[in-house]
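Notes to accompany the following structure.
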Amino acid sequence: MSVQTEQADSVPKAGPRKEDVPPGGPAAATRRRAGSAGPYLLLLPALLATVVLLGYPLVKNGMLSFQNLNPRQLILHLTEWNGFSNYQDVLGGSDFWKVVERSVFFTAANVVLIMLLGTLTGLLLARLGKKMRLLLMLGLVLAWAMPVIAATTVYQWLFAQRFGVVNYVLDSLGWHSMADYNWTGSQFSTFSVVTLLIVWQSVPFVAINLYAASTTIPKELYEAASLDGAGSWKSFTSVTFPFLKPFLLATTFLEVIWVFKSFAQLFAINGGGPDRLTETLPVYAFVEGVGNQHFGMGAAISFLTIIVLLVLTGYYLRTVLKQEEDEL
C-alpha cells in the first residue's frame with residue numbers, strides 16, 4: 001500500500017507547471033514579444049524607402065541592360081530583349097578597359113592625396129591651440145559642406161582660360177605663358193583641376209574624424225613613451241598610428257568608394273573631355289547611355305560599375321565587422 005501511495009504522489013498534475021509559467025504571467029510575455037519587435041518596426045519605413053528609391057531603379061536598370069533600347073525602340077515603345085549582347089559588346093571593347101584603367105589610377109591618386117593631406121591636417125588640429133583649432137575646423141567644415149556643383153562652379157571660375165584667377169596670379173608671378181592657359185585643353189590638366197577639387201572637398205572629412213579619433217588616445221601612453229626616450233616620430237609609430245590604424249583603414253575604403261563613383265565634378269568641369277579622355281566609369285556610362293542614346297549599353301556599363309562598388313562595399317563591411325570582433 002505504501003508503494004502505491006508513493007507512485008500516485010510522483011505523477012505530475014495536469015496543467016502548466018510552475019517553472020513553465022513566464023515571470024510576470026502571459027501578459028508580461030506578450031509585452032516582451034511586442035518590445036522585441038519594436039526595433040524591426042522602426043526600421044520598416046527606412047527599409048521601404050530603400051526598396052522604393054534604390055531597389056526599383058536598380059532592378060529597372062538591370063532589366064534595361066538586357067534590352068536593345070535606342071531612340072527607335074524608345075519612341076515606338078518596343079521592348080527588344082537581346083540577352084547578354086550589351087555586356088558582350090562592353091566587355092569585348094577596348095574602350096571599356098581603358099576607362100576602367102583610367103578610373104583605377106584616378107581613384108588611387110585621389111585617395112592617396114586625400115589620406116595623406118587629411119592625416120597631416122588632423123594631426124595638426126590635435127596640436128593647435130583652441131582658437132586656431134576652432135578657426136581651422138571652421139574652414140574645413142565650410143569646404144566640406146559646400147555643395148558639389150557650387151564648388152565645381154567656383155573652380156571653373158578660378159581656372160577659366162580668360163579672366164581666371166589662377167592664370168592671373170601665375171602671370172603676375174612671372175609665368176607669362178600661363179596668362180591664357182586652357183586648363184581643360186588636355187587630359188592631364190583637366191584631371192589636375194578635378195583632383196584638386198575632389199581632394200579639397202574630401203580632406204575635411206578625414207581630418208576632422210582623425211582629430212576626433214586622436215583625442216581618445218590616453219595621454220599616459222605619450223608620457224610613458226617620452227620617459228622611454230621616444231622622439232616625435234617614435235611616439236607616432238608606437239602610440240598614435242596603432243590607435244588610428246582601424247580608423248585610417250575604414251576611412252580609406254570609404255574614400256575609395258566615394259572617389260570611384262564621383263560624377264558631378266568630372267562631368268561639370270569638362271563633360272569627360274577633351275576627346276573623352278577624362279571619362280571614368282560613371283561618366284562613361286552616362287555619355288554612352290544618355291549622351292549617345294544607347295540606353296541598353298549605358299545600363300550595362302552602370303550595372304558593371306555597381307558590381308565593382310558592391311565588391312568594394314562588401315570588403316569594407318567585412319573589414320569593419322572584423323575590427324568590431326577584434327575589439328570584443
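Side notes on the structure shown:
- As a summary of the residue check, Met297 satisfies the conditions (1) assigned to a helix (DSSP H, G or I); (2) farther than 16 Å from Phe106 by Cα; (3) open to solvent by 40 Å² or more (accessible area, probe 1.4 Å); (4) modelled with pLDDT under 90 except for the one numbered (4).
- Residue within the stretch 208-228 that is modelled with pLDDT of 90 or more, more than 29 Å from Ala160 (Cβ to Cβ) and open to solvent by less than 20 Å² (accessible area, probe 1.4 Å) present: yes
- Exactly one residue among Val193, Val154, Val203, Val169 is under 19 Å from Leu266 (Cα atoms), of a type in the set (Val, Ile, Thr) and without any contact (Cβ under 8 Å) to a residue 40 or more places away in the chain, and that residue is Val154.
- For the stretch 59-89, the set of residues classified as among the hydroxyl-bearing types (Ser, Thr, Tyr), over 28 Å from the mean Cα position of the chain (by Cα) and within 19 Å of Thr305 (Cα to Cα) consists of Ser85 only.
- Checking each residue in the stretch 110-136 for being under 21 Å from Thr252 (Cα atoms) and open to solvent by less than 50 Å² (accessible area, probe 1.4 Å) picks out Asn110, Val111, Ile114, Met115, Gly118, Thr119, Thr121, Gly122, Leu123, Leu125, Ala126.
- Contacts under 7 angstrom Cβ, first residue in the stretch 258-273 being modelled with pLDDT of 90 or more, partner crowded, with 22+ Cβ neighbours inside 10 Å and of a type in the set (Lys, Arg), 6 or more apart: none
- Verdict on Thr313 being part of a helix (DSSP H, G or I), closer than 20 Å to Val199 by Cα, among the β-branched types (Val, Ile, Thr) and open to solvent by 40 Å² or more (accessible area, probe 1.4 Å): no
- Inside the stretch 250-284, residues that are hydroxyl-bearing (Ser, Thr, Tyr), closer than 18 Å to Asp95 by Cα and in a helix (DSSP H, G or I) make up a count of 1.
- For the stretch 222-237, filtering for residues that are closer than 13 Å to Leu123 by Cβ and not in a helix (DSSP H, G or I) leaves 0.
- Filtered by the rule that a residue be farther than 26 Å from Glu279 by Cβ and open to solvent by less than 70 Å² (accessible area, probe 1.4 Å), the stretch 162-191 gives Val165, Val169, Leu170, Asp171, Gly174, Met178, Ala179.
- Test: residue in the stretch 98-108 that is surrounded by 12 or more Cβ atoms within 10 Å (Cβ to Cβ), out of contact with any Leu (no Cβ under 6 Å at 6 or more places or on another chain) and within 19 Å of Phe247 (Cα to Cα): yes
- So Leu74, is it without any contact (Cβ under 8 Å) to a residue 40 or more places away in the chain and over 17 Å from Ala285 (Cα atoms): no
The values are calculated or read from the model by the stated rules, or taken from the named source; none is laboratory data. What you see is a predicted model; the values in this text were computed from it and never measured. Glycine gets a Cβ as well: all are built from the backbone with ideal geometry, and neighbour counts include every protein chain shown. Ligands, DNA and RNA are excluded from the accessible area calculation, which covers all protein heavy atoms including side chains. Shrake-Rupley method; radii C 1.70, N 1.55, O 1.52, S 1.80 Å.
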